[in-house]
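Following: one structure in structure tokens, then a few remarks.
The values are calculated or read from the model by the stated rules, or taken from the named source; none is laboratory data. All values reported here derive from a predicted model rather than from experimental measurement. All Cβ positions, glycine included, derive from the backbone under ideal geometry; neighbour counts span all protein chains shown. All accessible areas refer to the heavy atoms of the entire protein, side chains included, with ligands and DNA or RNA removed. Shrake-Rupley method; radii C 1.70, N 1.55, O 1.52, S 1.80 Å.
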Amino acid sequence: MSTPSSGARFAVIGGGLSGIGAAFALHRAGHTVELFEQDSVLGGRCGFDTLGGRPIMMGGKNIGRHYEQLREFIAASGHRAFEEFGINSSQLINDELVTLDNPGIAGFVRHLLRMGSPVDAARMLYYGARVRFDERHRFLGSDYFGAAGNDDVALGAHFGADFGRNVLRPLTVRLNAAEPDEVYLGAFGVSLGMVQDRYDQLVDGMQPVLDWFAGQVAVRLNTRVDRLVVRDSRVAGLDASENGGPTTFSEYDGVVVAIPAYAAAALLEPVIPALSKALSEVAYYPSTVAVVQYEKPFFGSTVRSIAFDSGPCSAAGVYGVNDLDIVRYTFSGREARPVPDAQQLARWIDEAETKVRNHLGGPPVARVRTETRSWAAAHCAYLPDHAGFRTVVREQTESVAGLALAGDYLLGAQLEACYRSGVAAARALVA
Ligand SMILES: Cc1cc2nc3c(=O)[nH]c(=O)nc-3n(C[C@H](O)[C@H](O)[C@H](O)COP(=O)(O)OP(=O)(O)OC[C@H]3O[C@@H](n4cnc5c(N)ncnc54)[C@H](O)[C@@H]3O)c2cc1C
């Protein structure tokens with residue numbers, strides 16, 4: 001159903017889930033929207049690719065049961081089949097495979113007590129309860145996790161070393177590609193919210209949803225925005241170049257900048273240097289993903305995924321519950337930096353595959369095909385004093401009429417938080 005146009009013209013820069021959330025909200029509110037994406041496809045760090053002709057997602061793909069706004073968007077595109085993804089239930093600790101399969105609260109407490117001191121276990125349970133009983137703590141900017149004085153020392157410093165290694169690190173390397181000494185308590189609610197969620201994935205991936213979206217909203221692919229044009233403290237439009245051609249100016253009533261913080265910092269530097277400086281302080285860390293298809297199932301039905309406590313491979317797991325022959329290896333954390341070249345990555349995959357085989361047992365299984373993708377800035381790891389950062393960002397953004405920001409650094413890096421940041425930016429723009 002088409003909505004009558006308000007006459008206002010908006011642009012959204014960035015075709016990841018943050019920009020899509022903003023563009024769809026503006027479109028739904030009856031405005032004319034154009035979305036600019038420098039790549040040839042939408043989706044950004046969802047990382048659309050193919051494996052032997054089958055569409056796969058190398059990046060963000062798992063959709064939590066709590067991802068309400070994203071699920072509404074997916075539902076708006078028509079009926080889409082989901083399959084349960086399950087949780088990452090096994091972990092390699094000091095060469096021992098520990099499997100936590102629906103352990104119940106008593107089993108979980110016993111596990112925490114094995115991993116660290118009673119104080120660490122109690123603190124973890126307390127933080128977990130804050131998130132479980134208050135939805136707001138699943139996002140950055142919550143008054144509890146982001147409170148001043150809580151958020152200026154690294155997360156690892158709030159817990160003992162053993163707990164940091166055995167419990168925190170598997171979370172931080174997977175969710176932020178960072179070590180526990182590189183993330184802060186302000187973001188811990190986001191991580192705990194992700195751990196407490198249950199996940200599904202779209203049977204046909206996200207691509208059909210985004211193809212539908214591109215039929216609703218004007219999308220300009222292969223078009224890079226080079227400059228935001230601001231006149232008299234008001235956004236006038238932007239300069240963009242299609243396929244590397246000449247730069248052309250387009251006029252807009254407002255612009256949502258929905259790109260990662262470092263990219264937004266570069267774009268905004270000439271027009272709002274103080275905002276650019278704040279954005280440039282947000283940390284991102286690299287990650288590499290290899291998706292390998294084997295001749296026959298590689299994992300069994302009891303252990304479907306293993307998180308490692310050392311080495312460049314942070315986790316290896318099945319691509320989906322019905323894809324036991326396809327394994328996704330993730331290389332993140334300090335030992336996986338810098339992003340590897342092809343030869344080094346081949347060695348890392350060999351090592352990770354051997355590690356998994358040694359723990360699962362059974363004869364070697366031949367590889368059929370492999371796809372890999374590296375991101376130099378894969379995961380947002382935020383920054384200390386996120387509440388202070390948000391204040392600067394809000395004040396600076398409001399100093400220019402017609403400007404709004406969206407992205408993984410505002411509410412959190414999970415797909416739902418990115419999408420919500422886009423919706424919030426759209427609302428701020430038209431308010
Ligand atoms: C390996 C990996 C696995 C993940 N797994 C999950 C998961 O299972 N579940 C989950 O919830 N989250 C997951 N995430 C996190 C999630 O995928 C990301 O946080 C999210 O996709 C980021 O969306 P975004 O729109 O903010 O940024 P992006 O997806 O990076 O989109 C920004 C877009 O802007 C474009 N752009 C940048 N500059 C310009 C410019 N000047 N002009 C035009 N276009 C520009 C870029 O090309 C890009 O397409 C994962 C992330 C990674 C890397």
- Considering region 42-66, residues that are more than 8 Å from the ligand (Cβ to nearest atom) and outside any strand (DSSP E or B), and then whichever is most open to solvent (accessible area, probe 1.4 Å), we arrive at R65
- If you go through region 155-170 one residue at a time, how many are surrounded by fewer than 19 Cβ atoms within 10 Å (Cβ to Cβ) and not in a loop (DSSP other than H, G, I, E, B)? 3
- Can you tell which of V235, V271, V256 is open to solvent by less than 70 Å² (accessible area, probe 1.4 Å) and within 27 Å of the chain's Cα centre (by Cα)? V256
- Just wondering, is there one or more residues in region 307-328 that are surrounded by 22 or more Cβ atoms within 10 Å (Cβ to Cβ) and within 14 Å of V368 (Cα to Cα)? yes
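Yes/no matrix, rows are residues, columns are (1) under 24 Å from Y144 (Cβ atoms); (2) within 11 Å of the ligand (Cβ to nearest atom); (3) more than 18 Å from the chain's Cα centre (by Cα); (4) buried (at least 18 other Cβ atoms within 10 Å of the Cβ):
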{"position": "L383", "(1), (2), (3), (4)": "yes, no, no, yes"}
{"position": "H386", "(1), (2), (3), (4)": "yes, no, no, yes"}
{"position": "V392", "(1), (2), (3), (4)": "yes, no, yes, no"}
{"position": "S399", "(1), (2), (3), (4)": "no, no, yes, no"}
{"position": "L403", "(1), (2), (3), (4)": "no, no, yes, yes"}
{"position": "Y409", "(1), (2), (3), (4)": "yes, yes, no, yes"}
{"position": "G412", "(1), (2), (3), (4)": "yes, yes, no, yes"}
{"position": "G422", "(1), (2), (3), (4)": "no, yes, no, yes"}
{"position": "V430", "(1), (2), (3), (4)": "no, no, yes, no"}
- Taking F331 and the conditions (1) under 24 Å from A187 (Cα atoms); (2) open to solvent by 10 Å² or more (accessible area, probe 1.4 Å), which numbered condition does it fall short on, given that it satisfies the others? (2)
- What are the residues in region 334-356 that are open to solvent by 50 Å² or more (accessible area, probe 1.4 Å) and assigned to a loop (DSSP other than H, G, I, E, B), if any? R337, P338, V339, D341
- Restricting attention to region 177-199, which residues are farther than 13 Å from Y127 by Cβ and open to solvent by less than 10 Å² (accessible area, probe 1.4 Å)? A177, A178, V183, D197
- Query: Mind checking whether some residue in region 4-27 is among the aliphatic types (A, V, I, L, M), away from the ligand (no atom under 12 Å from the Cβ) and at pLDDT 95 or above?
  - Reply: yes
- Exclusive hit being open to solvent by 10 Å² or more (accessible area, probe 1.4 Å), within 12 Å of the ligand (Cβ to nearest atom) and of a type outside the set (V, I, T), set F36, F85: F85
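Across region 274-303, what is the number of residues that are more than 16 Å from the ligand (Cβ to nearest atom) and either within 22 Å of the chain's Cα centre (by Cα) or within 30 Å of I349 (Cα to Cα) (or both)? Working first, answer last.
Filtering region 274-303 down to residues more than 16 Å from the ligand (Cβ to nearest atom) leaves 274, 277-278, 281, 293-303.
Now narrow it down to the ones that are either within 22 Å of the chain's Cα centre (by Cα) or within 30 Å of I349 (Cα to Cα) (or both): 278, 281, 293-303.
The total comes to 13.
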